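Undergrad: To start, I am sharing the structure in question, which I have written as structure tokens.
The values are calculated or read from the model by the stated rules, or taken from the named source; none is laboratory data. Computed from a predicted model, the values in this text were never measured in an experiment. All Cβ positions, glycine included, derive from the backbone under ideal geometry; neighbour counts span all protein chains shown. Protein only, heavy atoms only, side chains kept; ligands, DNA and RNA dropped before computing areas. Shrake-Rupley method; radii C 1.70, N 1.55, O 1.52, S 1.80 Å.
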Amino acid sequence: MVIPPPERAARVTRFLKPYLLRMHFSNKYVSAQVIHTPTSTVACSASSQEKLLRPNMESTRDVSAAAKIGKLLGERLLLKGIPAVSIHMKREQKYHGKVKAVIDSVREAGVKLL
């Protein structure tokens, strides 16, 4: 059974930013996804867990892996026709290290950040 996304009032969706970039870093992997906020669905994602990417990476959890994930996510966003995203960082995340690598490589791929 599929649970439908929550219904939001039109006045609420008018102020939501349409695409949101979320990043997750575990001790083994780096993953990033872009969420379409009005429908609460994943529009695009990239992770260092993908089998096609693992042979090309030396490590799946360091800053260089985060940069590759950001570059791949940016290319996938442009292929899907998503020109701009806004960034969602957790409270403990700072613009430094892996977070900076993902954000900078998405920006270098040609996606605008709101």
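Undergrad: Output the residue which, of all residues in the stretch 23-34 that are part of a strand (DSSP E or B) and open to solvent by 40 Å² or more (accessible area, probe 1.4 Å), is farthest from residue 94 (Cα to Cα). If you could, list the steps in order and put the result at the bottom.
TA: Here is the first cut: in the stretch 23-34, the residues part of a strand (DSSP E or B) are 23-25, 30-34.
When the remaining residues are screened for being open to solvent by 40 Å² or more (accessible area, probe 1.4 Å), the result is 24-25, 33.
Working: 24: 13, 25: 13, 33: 18 Å.
It comes out as 33.
Undergrad: Restricting to the stretch 83-102, name every residue that is touching a residue at least 40 places away in the same chain (Cβ under 8 Å) and open to solvent by less than 20 Å² (accessible area, probe 1.4 Å).
TA: As a first pass, look at the stretch 83-102 and keep what is touching a residue at least 40 places away in the same chain (Cβ under 8 Å): 84-89, 93, 98-99, 102.
Within the stretch 83-102, 85, 86, 99, 102 meet the criteria.
Undergrad: Considering the stretch 63-91 alone, what residues qualify as being over 16 Å from residue 35 (Cα atoms) and either in contact with a Leu (Cβ under 6 Å, 6 or more places away or on another chain) or at pLDDT below 90 (or both)?
TA: Selection gives 91 alone.
Undergrad: Looking at the structure I just gave you, is residue 91 closer than 22 Å to residue 17 by Cβ and assigned to a loop (DSSP other than H, G, I, E, B)?
TA: Yes: the conditions hold for residue 91.
Undergrad: Given the conditions (1) at pLDDT 85 or above; (2) open to solvent by 100 Å² or more (accessible area, probe 1.4 Å); (3) of a type in the set (Lys, Arg), which single one is not true for residue 17?
TA: It is condition (1) that residue 17 fails.
Undergrad: Let me ask something else about it. Is one or more of the residues making up the stretch 56-69 open to solvent by 20 Å² or more (accessible area, probe 1.4 Å), of a type in the set (Lys, Arg) and either over 26 Å from residue 2 (Cβ atoms) or in contact with a Gly (Cβ under 7 Å, 6 or more places away or on another chain) (or both)?
TA: Yes, the stretch 56-69 has at least one match.
Undergrad: Out of the residues in the stretch 61-82 that are in a loop (DSSP other than H, G, I, E, B) and out of contact with any Lys or Arg (no Cβ under 6 Å at 6 or more places or on another chain), which is farthest from residue 21 (Cα to Cα)?
TA: First, pick out the residues of the stretch 61-82 that are in a loop (DSSP other than H, G, I, E, B): 61-62, 81-82.
Narrowing further to those that are out of contact with any Lys or Arg (no Cβ under 6 Å at 6 or more places or on another chain): 62, 81-82.
Working: 62: 19, 81: 15, 82: 12 Å.
Of everything passing the filter in the stretch 61-82, 62 is farthest from residue 21 (Cα to Cα).
Undergrad: Determine if the stretch 35-48 includes at least one residue that is assigned to a helix (DSSP H, G or I), of a type outside the set (Gly, Ala, Ser) and modelled with pLDDT of 90 or more. Walk me through how you get there before you give the answer.
TA: Restricting attention to the stretch 35-48, the residues satisfying the condition of being assigned to a helix (DSSP H, G or I) are none.
No, because not a single residue in the stretch 35-48 is assigned to a helix (DSSP H, G or I), of a type outside the set (Gly, Ala, Ser) and modelled with pLDDT of 90 or more.
Undergrad: Could you list, ordered by first residue, the pairs with Cβ atoms under 6 Å in which the first is in the stretch 59-73 and in contact (Cβ under 8 Å) with a residue 12 or more places away in the chain and the second is in a helix (DSSP H, G or I) and not hydrophobic (A, V, I, L, M, F, W, C), at least 6 apart or interchain?
TA: So the pair list comes out as 63/98; 66/98; 67/105; 70/105; 71/105.
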